Amino acid sequence: MVGGAGRPAGAPEAAELEERLLPLAAPGSGDVDGGGGRRRGKWEKTYLDVLGVCCSAEVALVERLLAPIDGVRAVTVVVPSRTVIVEHDPAAVSQSRIVKALNKAGLEASVRAYGSSGVVGRWPSPYILASGALLLTSFLAPLLPPLRWLALAAACAGAPPMLLRAFAAATRLALDINVLMVVAVAGAAALGDYAEAGAIVFLFTTAEWLETLACAKAGAGMSSLMSTIPPRVVLAGTGEVVSLRDVKVGAVVAVRAGEVVPIDGVVVDGQSEVDESSLTGESFPVPKQPPLEVWAGTINLDGYIAVRTTALAENSTVAKMERLVEAAQNSRSKTQRLIDSCSKYYTPAVVALAASVALVPLLLGAQDMKRWFQLALVLLVSACPCALVLSTPVATFCALLRAARIGVLIKGGDILESLGGIRVAAFDKTGTITKGEFSIDGFHVVGDKAEMSQLLYWVSSIESKSSHPMAAALVEYAQSKSVQPNPEKVTEFRIYPGEGIYGEINGRHVYIGNRRIMARSSCQTVSEIDGVNVASIGYVVCDGDLVGSFSLSDDCRTGAAEAIRELRSMGIKSVMLTGDSRSAAMRAQEQLGGAMEELHSELLPVDKVGLVGDLKGRDGPTLMVGDGLNDAPALAMADVGITMGLSGSAAAMETSHATLMSSDILRVPAAVRLGRRARRTIAANVAASVAAKAAVAALAVAWRPVLWAAVLADVGTCLLVVLHSMTLLREPGTARRGSRKEDEACRATARSLAMRSQLAGASSTATASAGAPGGGTNGCHCCQKPTSRSFEQAHSVVIDILAASSAGHQELQVPRTAAANGNAGGCCSAGRACGASTVTSGTRAPRKCCARKEDGARVSVNTACCSNGGGAPDSPKKTGQGCRDARCCSGGT
Ligand SMILES: Nc1ncnc2c1ncn2[C@@H]1O[C@H](COP(=O)(O)OP(=O)(O)OP(=O)(O)O)[C@@H](O)[C@H]1O
Ligand SMILES: [Zn+2]
């Protein structure tokens, strides 16, 4: 875990988390089970640690044992963490009855205790110890021959748990490892190979124990995933302590320093730093003050905050996340389904082969019958596909856990495997590549139909009803000009995806949006203001006349350029799909240092779907990263759809294939890398388990059948597979770690700078970043972006009119420019993308880096794009507003 700072030690396993979210009724209210259970209506979920679950054979056994019991509705077995989740009606069947049913089959089940972290390290059982001691002593047999009987005693001493399970399986006609081992032990003893019999039992039981330990370690990882949610909360107004379950939406709860935020909400009082690493994987504290959002499960580090709740405890983000993680573990990937269905035939086939190896020579009256029997036993032991069956789920489990820890919620092994095979990454622009925090560069009245204040009133009132990132900026702009929006006056409101919005206010029909909305509004005015390299342009049309225009800009997220370069270094092509104008797309591309290989702009949501389909056909498996606002269909169309951000729409989180829990876009390449590692790990696991079986068979045929070697190969590869899969829990290589540290240190600096500026009263920053945790403040790639130019300035250089049709989208194949390899971290490097004509070096010197002339579109732009190098001396707002990041670079504030 990158940053567990302040996390309470021994936090519970995720599986129990919901229990805290939905605490059981108070003691004395009739619920006496004391743990492991959580209730949903009359049904209750009981979590059991079942140590005897080793591979899919036991899964079937568990299901066969529990499903017939009256009052049991559903049984889920999570093999890697050896957890069985039973949904049952406690009135009809008690927890103890379920445990008894499992233990009768020797499955070593127990109800997970309240607050324990699942399977924990335990000592080897007395059976193993006794078996080991006896076996060891029997090795002295060459000195004292009667000691050889001790080997047989060793087999008997270690066998009971195995026998119980074998019996349970056999009576239900399941052929699992226990049955096979018992037959092998009996066979070896019958042949007089006592040492062999003892060795099989000891090796088998010891390996199982070691495997449990390893799994417990992996499972314990879950505990660091989420922090403890307190079951009780303090109401801020009255100081009353109430159960979390009784907290309603809209209640105000108090969270003191050091406490875990109990419920999702917005800060209404106080300020503090919050550790969100449990949700986002982001290790640096995020400053919080009204009206920023906080999430359940994050830790309030150093101040008092009062939080108005926005969701019920069971609907908090962490609860949803927990349910998704749980579901992800239970879903089986394609590889796993294939292996499972193969193993179904593998075992009976090998058992049949073993039987014929024993019987055919016997019937033919062969000489060396002992050898044939031994060979049959070796085959029998090899009939267990344990390692093969474990090869996928354990690796998937570990990789999903790792992903969750770095703040990427991946829904299942299939998605993980697809991630590893991605060839193209398509990015939505607004809110994904860019921060989705627009600033208004200019707002103009066109014609004489309306006055500025009236125009602002219409626009802000109608935009108050929209959730588009531009809307927030426009509303804020109006407020800054002392115009208060009045959404109640908007009698009709419509959204035109990819175009803009419509509203009726005071009897006026007002359209706000891009050039497409002009066409829709049957606007007669021909005047258009547009150009390459300026920000997005919006128009306001009232009753068919153009009455206003505005320009706004949005900056790329920190790390966006780096993420795309990283993807390219992995051989993945990046493509931008945006509903915004071509100029806005170009501007983002410029900030990215020309890293995108294709830009597609002015897309309607349906165009995005089509393009994703094209990319899939043309370049292979496609990843789509979006904010889920109106790209949900495209996200669904992609092989893997990733939504950005905790605060991204909740629906998007549930429908997308994966969710980035922070706004850190660098997690995208990290997730792809993890997917690739998981694929390699699974392939290696499969290869190792197949090779081990083959080696044993070859040894038996070519030299002589060695039973204990066969057992060792079986259980050894099981263990190997588990241990190898667990390497996925760690970041590979230490060299990376260094750079990561630097990176984090840099972020910390940026954060504290950002916080200082926030606390100093830059309230616009605060509200603007309200949408995303740490959004807009976690940057260190100073001056990566050019400043937003003032609208006036843009006007002074771009006056030519675009005649380009608005039909269809504009595609632009971007040639690899020098800038693509350039250093986007330095000032103005971004500008080179568009064919820099003059670049003067020197930190404080004005730079002119984007002079271009584009004939096709008849647009001429000649503007400057560095933080301080505006070129135009009459734009004082640039330093302060446009380039917040300039604080650590040229001429910062
Ligand atoms: N509420 C709004 N106010 C003003 N203009 C809007 C509004 N909603 C949409 N538009 C206009 O429609 C265009 C397309 O919007 P859309 O939501 O499809 O894409 P986007 O969010 O700009 O970009 P991306 O597709 O990269 O997320 C916007 O660029 C904007 O010009
Ligand atoms: Zn096995």
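The values are calculated or read from the model by the stated rules, or taken from the named source; none is laboratory data. Quantities reported herein were computed from a predicted structural model and do not represent experimental measurements. With ideal geometry, Cβ positions are generated from the backbone for all residues, glycine too; neighbour counts draw on all protein chains shown.
Things worth noting here:
- Inside the range 710-731, residues that are surrounded by fewer than 19 Cβ atoms within 10 Å (Cβ to Cβ), more than 15 Å from ligand 2 (Cβ to nearest atom) and of a type outside the set (S, T, N, Q) make up a count of 4.
- Selection of the range 366-401 for residues being more than 16 Å from ligand 2 (Cβ to nearest atom) and over 27 Å from Leu728 (Cβ atoms) yields Ala366, Gln367, Asp368, Met369, Lys370, Arg371, Trp372, Phe373, Gln374, Leu375, Ala376.
- When residues of the range 467-520 are limited to those that are of a type in the set (Lys, Arg) and within 22 Å of Val609 (Cα to Cα), the one surrounded by the fewest Cβ atoms within 10 Å (Cβ to Cβ): Arg516
- Among the residues making up the range 250-279, those that are out of contact with any Lys or Arg (no Cβ under 9 Å at 6 or more places or on another chain) and either in a loop (DSSP other than H, G, I, E, B) or on the phi > 0 side of the Ramachandran plot (or both) are Arg256, Ala257, Gly258, Glu259, Val261, Ile263, Asp264, Glu276.
- Residue match in the range 190-198 (condition: modelled with pLDDT of 85 or more and either more than 30 Å from Thr717 (Cα to Cα) or part of a strand (DSSP E or B) (or both)): no
- Test for Phe493: is it at pLDDT 90 or above, part of a strand (DSSP E or B) and within 23 Å of Ala535 (Cα to Cα): no
- Hits in the range 56-89 - residues which are of a type in the set (Asp, Glu) and under 29 Å from Leu728 (Cα atoms): Glu58
- Pair list, Cβ under 6 Å, 6 or more apart: the range 467-481 residue within 18 Å of Ile537 (Cα to Cα), other residue away from ligand 1 (no atom under 12 Å from the Cβ) and of a type in the set (Val, Ile, Thr): none
- Residue satisfying all of: in the range 125-151; touching a residue at least 60 places away in the same chain (Cβ under 8 Å) and among the hydrophobic types (A, V, I, L, M, F, W, C); surrounded by the fewest Cβ atoms within 10 Å (Cβ to Cβ) among these: Ile128
Every residue, every condition in (1) within 28 Å of Ile517 (Cβ to Cβ); (2) within 15 Å of ligand 1 (Cβ to nearest atom); (3) small (Gly, Ala, Ser), yes or no:
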| position | (1), (2), (3) |
| --- | --- |
| Gly594 | no, no, yes |
| His600 | yes, yes, no |
| Leu611 | yes, yes, no |
| Arg618 | no, no, no |
| Pro621 | no, no, no |
| Asp627 | yes, yes, no |
| Asn630 | yes, yes, no |
| Ala634 | yes, yes, yes |
| Asp639 | no, no, no |
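- Scan of the range 124-174 for residues that are of a type in the set (Lys, Arg) and within 42 Å of the chain's Cα centre (by Cα), ordered by number: Arg165, Arg172
- Index of the failed condition, Cys386 passing every other in (1) at pLDDT below 80; (2) over 15 Å from Asp714 (Cα atoms): (2)
- Checked against (1) at pLDDT below 85; (2) under 13 Å from Gly198 (Cβ atoms); (3) surrounded by 23 or more Cβ atoms within 10 Å (Cβ to Cβ), Ala154 meets all criteria but (1).
- Thr430 meets each of the listed conditions (1) within 21 Å of Asn630 (Cα to Cα); (2) among the polar types (S, T, N, Q); (3) more than 13 Å from ligand 1 (Cβ to nearest atom) apart from (3).
- Annotation note: of Gly593, Gly571, the sole residue that is crowded, with 24+ Cβ neighbours inside 10 Å and not in a strand (DSSP E or B) is Gly593.
- Meets criteria (modelled with pLDDT of 85 or more, away from ligand 2 (no atom under 16 Å from the Cβ), within 13 Å of Met162 (Cα to Cα) and in a helix (DSSP H, G or I)) for Ala186: yes
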